[in-house]
Every structure is written in C-alpha cells, then in structure tokens.
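Reviewing the structure listed below.
The values are calculated or read from the model by the stated rules, or taken from the named source; none is laboratory data. Not measured: the values here are computed from a predicted model. Neighbour counts run over all protein chains shown; Cβ positions are idealised from the backbone, glycine included. In case anyone asks, the SASA skips ligands and DNA or RNA and just uses the protein heavy atoms, side chains included. Shrake-Rupley method; radii C 1.70, N 1.55, O 1.52, S 1.80 Å.
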Amino acid sequence: MAKFTSILYDTFFEIKDRKIFWLYWIVTFVMILVFAFLPDVKINGQNILESGNIPEEFVAEGIAMFFNGFFGFMMFLMVFGSAGLLPSYLSKGRVELALAKPISRTQLLLIKFLSVFLIMSSIFIVSCSVLYLLISYQAGIFTGYFFLGLLVAIGKFLFIYAILFFFGIAFNSTAATIMGYFIIWFVSNLLEAREIAYQLLTNKVWQGILDTAYHILPKFDEYSANTMSVMKGNGFSDFYPVWSSGLFGVIALLLAILIFKRRDY
Amino acid sequence: MNDSNIAIEVKELSKIFKSGLKGGEVQALSEVSLKVDKGDIFGLLGPNGAGKTTLVKVLLGALHATKGSASVYGLDVRNANSRNKAGFLPENHRFPDYMTGAQMLKVYGGMSGLSSGEIKARSKDLLEIVGMSKWRDMKIKKYSKGMKQRLGLAQALINDPEIIFLDEPTDGVDPVGRREIRDILKRLKEQGKTVFLNSHLLAEVEAVCDKVAILDKGKLIKTGPVSELTRVSSTYQIETIQLPIEAAEQIKTAFPHAKLLTDNKISITFEDPRQLNSLIDILRKLNVEITAAIPVKISLEDSFMQLLRGEVKHG
C-alpha cells in the first residue's frame, strides 16, 4: 500500500505542477460564472429558464447535450494534461530511481496508470459535478442519470489513457504520444462513417479492410453516444462500442507492460 | 570466501546494446565476473564509456544483461526483491523538481516499502546528516547541483539499505561537501554497510575504498585491494643538502639507473631494497648530509594509468 500511495502522491504533485491543471479549473470557473448569471438572460422579457415556454424534457435534453460536449472538451484537455506524464516519468535520470526500488516493473506501471487515471478522473468528476449541480439548481431539474453518464464518460478516459500510455511507453515522447493518439482518434472517427466510403469503394477487399479496422479500433463517437443516452436515462444505446473500445484499451495496456518489461533504461 | 559474506556476485556478465536500424552492436560489458564482500567499500573505476554505469544499472534491474548472471545479497537481480536492501544514487539524476526535498524522500521511502512514520523519522535524520535540514521544505527546482546531490544521497539511504550504489556521488559537490560525503561513506562502512562506488575521481576512491575493480572497454582488467594497487615501490627519492659531482659520479657507477633530479636530489629504483644501505654508505663516506630518503608510493592514479596503457599485467 505504501508503494501505491507514494506513486499516487508523486503523480498528484506532478499534475498539480502542470499549467493545464489550472486550465481545467479556469474553464470550470468560467462555466460556473456563465451559468450563475444565466437567470439574467431574458427572452421576451422573461427569464430563460422560468419563462415556462420551454418544456422540461427539452431543458433536460439540452443539459445532457451540453454536458456531452463539455465532457468531450474536458477529455481533450485531459489528453494534453496526461500525455506527458509517462514520458516524463520514464525520462533518463528519473526512471532509474523508480526501477532501483523493490517494485516489479509490472506493478510500477500499473500503479502509475491507476494513479494518473484516479487523479484525472477526480478532477473531471469534481469540475463536472459542481457545474451540473449549479445548472440543475438554476434549471430546477435534477437527475441522478447525469452521474451515471459521468461514470460512463470516465470509462472513456480509461481506454483513452491506455492508448496514451501505450504510445508513451513505445515512443517515450510527449509529442509522439499526442500524435499517436490523435491518429487513432482521427482514423477511428473516419471509420465510424465508413458507410459513406462504401459508396465509392466497390471493391469488397477494401470494404473488408475498413470493416476490420473499424472493429479493432476504439469507437470514440459511438461510445459518446452511450454517455448521452445514459445521461438521458435511456441506458446504453449500443453496448458494442463500450466493450470493443475497452478491449482495445486492455490490449494497449498489456502491450505497454510488455514493452516496459523488456526495455533497457 | 563463504557465500553468505558476498554482497554482489557477477558471473560472466555481458551486455550488448543494439543500435540503429542496421543492427549495429555496442559491447558495453564483456564477460565481467567479480565479487564484492559485505561491509566493503568497493570502487569501480574506468575511463568514460568503460561500462561502469552499465554494470550498476544491470545490478539494479534498469538494464537487462545479454549474457551471464548477477546477484545482490543472494538474489538474482531480475527479482525486484534483490533491491529490498539496496539504495541508489544515479549519475545525472533528474529528481522530481516540482516537489520539496522532504516530499521527495516521502515518495522514494514509500516506494521502498517504508511506513509514513518510518519515513518521517529517517528523513529528519538523513537531511540532518547531509546538511539539508534547512532546505527540506524548499522546491527542488530551486536547489543547486550540490544540494541535489546531497538530497540524492539522503534518498539513497532512506530505506536504511545494506548496500548502497553511488554513481559519481561527488559530482558537482564543492570540496567541503566532498569531504562530508567521504565521511558519510566511512560512517556507513563502520555500520557494516556495503558501498559500491562508481567514480572517476581516483584520489577519492583511494581515500575511501577497500577494493577496486578497473573496467576498460567493457572488460574487467584488474580487481583487488586498493593497498595492492597503491603499494610502496622500490623507488626512493634521496634528498641531500648538496650533492657534490664526485658523489654523483660514484652513485652513477654503482647504480646506472639513478636519475639526478636536481643538484641535491636523486631518484633510484633498487632491485633489492638492501641496496639503499649501500647508497647511504657511499654518501656518508663522502660526508654528504642526507636530509631524506623517501620511498615513492605508487598512487591509484598511477596504477590506473599503467593498467590502461597496458604497462602492468592485467589480473
């Protein structure tokens, strides 16, 4: 337990030292200010949320849509905030200090992964929850489904960070980690819309290749559709993107461990 | 030697680094075998690129050996538990500079399996010993190189290790700090700890080490007690008030290898130490006043240089 808490403690201080950590709070604070003053926004002389012209379901849907977008933006910041953590930990002169401790490489890497995930998720939960509580208070609508959606969104960060972790180990560079991640993200999003490409690609072999790539890669947008669905209280819309993306994350993490165990530092 | 007395055992250890896509290879260590006894201060010497840091990194599990084996306190270095009793100060370390000195010790103490109570007590003592108590709550990014080195030493000792690996521990430390580090090493020896010291500062190694090994191009070229490498030679320097020409000529005749250094100083290498008496007899007969007869000691640096140049047989 001492090993876990000390790596967690170290990771917390490192994240706190990064400017992007403060950016999360600035973004959250700005959003809080925006929504704190929202009751003053008037339509036809009436408060936007008290006008009675807007049905409750519509407001709830609007809140869910807003948070789905906000989660995406916060995830984007989290990618930049966490991509450099592992390359920094593995940098020359620092990694030797960790490797010289009586802790196996697998244990070291898993604890580091868990530490980053726990701290980043905590920041995400706190900032999103504070914002949601304010908005729900202003709108007079509160639903526990939001928090379920929040958990699903955190699940997305789990496989996102596994991908970052893999590139972090493989390339040992923050820039290459971010590039690697965005290549996967870009290709995955393209593949999610592969039906359009099928209209141009009559060749079945190519269709097969695109299909296989789609099934292998994580499904970012389709996963987010689940977050939205859960937040609206409709449960998972399609479980396939959840488990297949999770599987990709597990494989990425296992590969990262394998590379780390074999590598010389 | 009883096996239970051995702190480190390295058997025919080789390390080859593959470089580039063309499959180039660099042999960093070549069939190195050595033993370090418990309680010794062992110095590993060698020019830059000799493989000293590579060997330490293999012993601490940061590098994987290509061939051969190594153990620390009886445990194979591939087993993480072999580092239970070890402390390490790497060369060119990069400490987490977003932390304070005390916070860093908390992290590395915890990673060694210490409880927070133990860390608190050890940190207090160690920061005192390395002279860093005043700066314990200052961010590491504000530390000087010497301060980081002192903190690094405290970090290496946080788990009260039985064996301490130090890679260039006095790098960037001022002469006073070096002396203090030397004193700490001597104190560790008194406590029965084993110290494995990598250093290119030969005078420092000579002052503290019991045994040394010399590496060159990945090969172990000499290992043995420091006293063996810094032996008193059969060369003497004789000093007189004034050496008359007549005396100098007689000495040259009796000892053809004698070298006249100045008009009152002469250097002679004797084949037999008893020949010193014959020389003194010659000088006294000629009423030359002898002020000193100094045996010339071969320093570790001299031995080291001779070994590297191949002037002395390896062994």
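Label separation (B:Glu301 vs A:Leu201): 7.0 nm, computed from points 7 Å beyond Cα along the C-beta direction.
Per residue, the range B:232-297 exposes 65 Å² of solvent-accessible protein surface, assessed with a 1.4 angstrom probe and all protein chains in place.
Take the alpha carbon gyration tensor of the range A:82-197, find the square roots of its eigenvalues, order them as a ≥ b ≥ c, and report rounded if a/c is under 1.5; if not, report prolate when a/b exceeds b/c, else oblate. Oblate shape, in that a/c is at least 1.5 and b/c is the bigger or equal ratio. Only Cα pairs under 8 Å and 6+ residues apart enter the sum, and on that basis the relative contact order of chain B stands at 19 percent.
Computed from the C-beta positions of B:Leu75 and B:Lys142 and an R0 of 30 Å, the FRET efficiency is 0.20 to the nearest 0.05. For labels at A:Ile216 and A:Gln107 in the simple 7 Å Cα→Cβ model, what's the distance in nm? Computed distance between label sites A:Ile216 and A:Gln107 equals 3.5 nm.
Rounded if a/c is under 1.5, else prolate if a/b is larger than b/c, else oblate: which is the range A:168-265, with a ≥ b ≥ c the root eigenvalues of its Cα gyration tensor? Note, shape of the range A:168-265 comes out oblate.
Peptide B:83-95 shows a mean partner chain C-beta count of 4 within 10 Å per residue C-beta. Computed from the Kirkwood radius of its Cα pairs, the Stokes-Einstein diffusion coefficient for chain B at 20 °C and 1.002 mPa s stands at 96 µm²/s. Surface listing: A:Thr11, A:Thr106 arranged by accessible area from highest to lowest gives A:Thr106, A:Thr11, probe 1.4 Å. Computed with a 1.4 angstrom probe on protein heavy atoms, the A-B interface buries about 2800 square angstrom of accessible area in total. Remark: accessible surface ordering of B:His93, B:His64, B:His257 (largest first) is B:His257, B:His64, B:His93, probe radius 1.4 Å. Among A:Leu158, A:Leu90, A:Leu190, the largest mean-square fluctuation in a Gaussian network model of chain A, built with springs joining Cα atoms closer than 10 Å, belongs to A:Leu190. Pairs from the table (B:Lys18/B:Lys145; A:Lys3/B:Lys57; A:Lys112/B:Lys120) lying more than 27 angstrom apart at Cα are B:Lys18/B:Lys145.
Rounded, prolate or oblate: pick one for chain A, where a ≥ b ≥ c are the square roots of the eigenvalues of its C-alpha gyration tensor, a/c under 1.5 means rounded, and failing that, prolate if a/b is larger than b/c, else oblate. It comes out oblate by the Cα gyration axes. Within the accessible surface of chain A, defined with a 1.4 Å probe on protein heavy atoms only, the carbon and sulfur portion equals 71 percent.
Per-residue Karplus couplings for the range B:237-245, computed as 6.51 cos²θ - 1.76 cosθ + 1.60 with θ equal to phi - 60°, are listed in order as 10, 9, 10, 10, 6, 8, 10, x, 4 Hz, Gly and Pro entered as x. Using a probe of 1.4 Å, the accessible surface attributed to A:Met179 totals some 120 Å² when neighbouring protein chains are kept in position.
Let's test the formula: R0 of 60 Å, r as the Cβ-Cβ distance of A:Leu23 and B:Leu260. What FRET efficiency results, to the nearest 0.05? After rounding, the FRET efficiency stands at 0.15.
The sum of -39500 (n - 2.57) across all DSSP H runs of n ≥ 4, divided by the residue count of the protein assembly as shown, sets its helix-only mean residue ellipticity at 222 nm to -17500 deg cm²/dmol. Computed in the context of the full set of protein chains, the accessible area of chain B at 1.4 Å probe radius has 49% of its extent on carbon or sulfur. Only protein heavy atoms count here; on that basis, with a 1.4 Å probe, A:Ile111 has an accessible area of about 20 Å².
Taking the average, over residues, of other Cβ atoms within 10 Å as the packing measure, peptides B:199-207, B:137-145 rank B:199-207, B:137-145 from highest down. Peptides B:103-109, B:237-243, ordered by how many other C-beta atoms sit within 10 Å of their residues on average, highest first, read B:103-109, B:237-243.
Remark: mean inter-chain Cβ contacts per residue of B:153-161 equal 1, using a 10 Å Cβ-Cβ cutoff to other protein chain atoms.
Inter-chain neighbour count for B:98-111: the average number of beta-carbon atoms from partner chains within 10 Å of each residue's beta-carbon is 5. Modelled this way, with points 7 Å down the Cα-to-C-beta line, the labels at B:Glu190 and A:Leu118 are 4.2 nm from one another. Each part reduced to its alpha carbon centroid, the range A:213-244 and the range B:240-311 end up 91 Å apart. Listed peptides A:193-203, B:116-126 appear in the order B:116-126, A:193-203 once ranked by packing, highest mean of other Cβ atoms within 10 Å at the front. Among B:Tyr98, A:Leu217, B:Gly310, flag the residue with its Cα farthest along the positive direction of the charge dipole of the protein assembly as shown, charges on Cβ as +1 for Lys/Arg and -1 for Asp/Glu. Going by the Cα projections, it comes out as B:Gly310.
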